[in-house]
Amino acid sequence: MVADRAALVRTAAEFAAGSGPVAVDAERASGFRYSQRAYLVQLRRSGAGTALVDPIPLGSDLSELAPALTGPEWVLHAANQDLACLAEVGLAPSALFDTELAGRLAGLPRVGLGPMVEQLLGLGLEKGHGAADWSRRPLPEDWLVYAALDVEVLVELRDVLAALLTEQGKYEWAMQEFEAVRTAGPAAPRAEPWRRTSGIHKLRKPRALAAVRSLWGARDRLAAERDIAPGRVLPDAAIVDAAVTAPETAHALAGMAVFRGRSQRRLTNYWFAALQEAAALDADALPRPSAPADGPPPVARWADRDPDAAARLAAARAALAATGEQWSVPVENLLQPDLLRRLCWTPPADGDVGAAMRKGGARDWQVALLGEQLEAALATRAT
């Protein structure tokens, strides 16, 4: 384990002296902690071996490694899951190869790291700790072995996948996809994240939705303060139950399932204050039953609201399905589903489908492969 500055400096020198791509992975504590910070960073490079870096005693600052890791290609599996937490500790790739995304583009039936290593390299990876609480200290020895194995053969897997993509004529597609992942940046925050509360679909009354919003906000603040996953502070089911029941007193709230537990009893007044806040809102401050529209309506309503749009979408989906089958690429990797819906709901007024695709984030290979097909699909009319 690399857990102090001197060891980090030595590791940086070793990796700077290595050769070839750098295999990179990170372990978070999703489901246990509020933050998505990295609790372990795994690195492997030819000539340098494997390093397991503990960011916590290093103040989550691994910037000493950055010069050694800038320039070489990074190899990650499902890079979009780890790049943000790696950036938080001062590490970002200048070139990227994503083995999961490569597997998708290559048409492999299973793209988890274990199945791909087994299929392409004939090796079995010992698994079992991916969903563990990596904020735990000290980390058990078998967890460290698991973590090291995640980067053990990533570069070998990368080489096999690169050869396969080249053989299939998809290597340039993959390079464009990897660059899009590398440069994507953090996702924009959701306008109303409380609407993703599990079970909220049961609620229609604005006052009940206000209670969910208020409890969700109170939970989020407490979870952030304590760095505990929100679901461990208060389950979604308890939030929805309280919103439906609308207890009129703190005592009544404390008698409900979950809220009567020992850890929740200490927070009874905190949760009840959130419910009272929602109950006191004026009618014009209550949330609407559905979230503000961002883009097209649900596809199920298209046939009634705009039959031509429904026909365009059906034609476009059929074209993408045929192309996906021809090239053995999942449809969702041929073109982002949200972009497809937006194009079909509101075709470009000037008819320049390629420009509209690029504006929506499509890569050059997608425009070249699908542009003419989508242009034809967008000319479809309902019969």
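The values are calculated or read from the model by the stated rules, or taken from the named source; none is laboratory data. What you are looking at is a predicted structure, and each value in this text was computed from that prediction instead of being measured. Positions of Cβ are backbone-derived with ideal geometry, glycine not excepted, and every protein chain shown enters the neighbour counts. With ligands, DNA and RNA removed, areas are computed over all heavy atoms of the protein, side chains included. Shrake-Rupley method; radii C 1.70, N 1.55, O 1.52, S 1.80 Å.
What number of residues within the stretch 7-54 are without any contact (Cβ under 8 Å) to a residue 24 or more places away in the chain and open to solvent by 60 Å² or more (accessible area, probe 1.4 Å)?
Here is the first cut: in the stretch 7-54, the residues without any contact (Cβ under 8 Å) to a residue 24 or more places away in the chain are 7, 10.
Filter once more, so that each one left must be open to solvent by 60 Å² or more (accessible area, probe 1.4 Å): 10.
Total satisfying the criteria: 1.
So which pairs qualify, if the first residue must be in the stretch 329-357 and under 13 Å from Leu374 (Cα atoms) and touching a residue at least 24 places away in the same chain (Cβ under 8 Å), the second must be among the acidic types (Asp, Glu) and open to solvent by less than 10 Å² (accessible area, probe 1.4 Å), the Cβ gap must be under 9 Å, and the two must be at least 6 apart or on different chains?
Filtered contacts from the stretch 329-357: no entries.
Within the bounds of the stretch 231-254, is there any residue that is of a type in the set (S, T, N, Q) and over 27 Å from Ala29 (Cβ atoms)? Write out each step before concluding.
Within the stretch 231-254, the first condition is being of a type in the set (S, T, N, Q), and the residues that meet it are 245, 249.
Narrowing further to those that are over 27 Å from Ala29 (Cβ atoms): 245, 249.
Yes, the stretch 231-254 has at least one match.
Of all residues being outside any helix (DSSP H, G or I) and among the acidic types (Asp, Glu) in the stretch 32-66, which is farthest from Ser135 (Cα to Cα)? Just the residue, please.
Asp61
Across the stretch 286-300, which residue is surrounded by the fewest Cβ atoms within 10 Å (Cβ to Cβ) among those that are in contact (Cβ under 8 Å) with a residue 60 or more places away in the chain and under 30 Å from Leu253 (Cα atoms)?
Of all residues in the stretch 286-300, those in contact (Cβ under 8 Å) with a residue 60 or more places away in the chain come to 286-289, 291-292, 294.
From what's left, under 30 Å from Leu253 (Cα atoms): 286-289, 291.
Numbers: Leu286: 16, Pro287: 19, Arg288: 9, Pro289: 11, Ala291: 13.
Top of the filtered list is Arg288.
Name the single residue, out of those in the stretch 114-129 being open to solvent by 20 Å² or more (accessible area, probe 1.4 Å) and of a type in the set (Gly, Ala, Ser), that is nearest to Leu86 (Cα to Cα). Lay out the reasoning, then the answer.
Of all residues in the stretch 114-129, those open to solvent by 20 Å² or more (accessible area, probe 1.4 Å) come to 115, 118-129.
Filter once more, so that each one left must be of a type in the set (Gly, Ala, Ser): 122, 124, 128.
Details: Gly122: 30, Gly124: 27, Gly128: 23 Å.
Restricting to residues being open to solvent by 20 Å² or more (accessible area, probe 1.4 Å) and of a type in the set (Gly, Ala, Ser), the top hit is Gly128.
Could we say that Ala224 is in contact (Cβ under 8 Å) with a residue 60 or more places away in the chain, surrounded by fewer than 19 Cβ atoms within 10 Å (Cβ to Cβ) and not basic (Lys, Arg) here?
Numbers: in contact (Cβ under 8 Å) with a residue 60 or more places away in the chain: yes; surrounded by fewer than 19 Cβ atoms within 10 Å (Cβ to Cβ): yes; not basic (Lys, Arg): yes.
Considered against the rule, which asks whether it is in contact (Cβ under 8 Å) with a residue 60 or more places away in the chain, surrounded by fewer than 19 Cβ atoms within 10 Å (Cβ to Cβ) and not basic (Lys, Arg), Ala224 comes out as yes.
Can you tell me which residue within the stretch 252-285, out of those that are of a type in the set (Asp, Glu) and without any contact (Cβ under 8 Å) to a residue 60 or more places away in the chain, is least open to solvent (accessible area, probe 1.4 Å)? Break it down into steps so the answer makes sense when it comes.
Just the residues of the stretch 252-285 that are of a type in the set (Asp, Glu), to begin with: 277, 282, 284.
Remaining after also requiring without any contact (Cβ under 8 Å) to a residue 60 or more places away in the chain: 282, 284.
Details: Asp282: 105, Asp284: 138 Å².
The residue in question is Asp282.
Can you tell me which of (1) in a helix (DSSP H, G or I); (2) crowded, with 18+ Cβ neighbours inside 10 Å; (3) under 24 Å from the mean Cα position of the chain (by Cα); (4) not basic (Lys, Arg) is the one Ala311 doesn't meet?
Going through (1) in a helix (DSSP H, G or I); (2) crowded, with 18+ Cβ neighbours inside 10 Å; (3) under 24 Å from the mean Cα position of the chain (by Cα); (4) not basic (Lys, Arg) one by one, Ala311 breaks only (3).
If you scan the stretch 207-221, which residues turn out to be touching a residue at least 60 places away in the same chain (Cβ under 8 Å), surrounded by 16 or more Cβ atoms within 10 Å (Cβ to Cβ) and not hydrophobic (A, V, I, L, M, F, W, C)?
Hits for the stretch 207-221 are Arg213, Ser214.
Applying the selection to the stretch 96-113, what residues are open to solvent by 30 Å² or more (accessible area, probe 1.4 Å) and either in contact with a Leu (Cβ under 6 Å, 6 or more places away or on another chain) or part of a loop (DSSP other than H, G, I, E, B) (or both)? Talk me through it step by step, then tell me what you get.
The first filter runs over the stretch 96-113 and keeps only residues open to solvent by 30 Å² or more (accessible area, probe 1.4 Å), leaving 100, 104, 107, 109-110, 112.
Gly107, Pro109, Arg110, Gly112, listed by residue number.
Just to be sure, is Gln336 within 22 Å of the chain's Cα centre (by Cα), under 30 Å from Arg110 (Cα atoms) and not charged (D, E, K, R)?
On the way: within 22 Å of the chain's Cα centre (by Cα): yes; under 30 Å from Arg110 (Cα atoms): yes; not charged (D, E, K, R): yes.
Answer is yes for this residue.
Arg363: of a type in the set (Lys, Arg), open to solvent by 70 Å² or more (accessible area, probe 1.4 Å) and farther than 30 Å from Ser214 by Cβ, yes or no? Full working, then the answer.
Numbers: of a type in the set (Lys, Arg): yes; open to solvent by 70 Å² or more (accessible area, probe 1.4 Å): no; farther than 30 Å from Ser214 by Cβ: yes.
No; evaluated as a whole, the condition is false for this residue.
Please enumerate the residues belonging to the stretch 62-80 that are closer than 15 Å to Glu177 by Cα and surrounded by fewer than 20 Cβ atoms within 10 Å (Cβ to Cβ). Don't jump to the end; show me each part of the working.
Of all residues in the stretch 62-80, those closer than 15 Å to Glu177 by Cα come to 73-80.
Selection gives Glu73, Ala78, Asn80.
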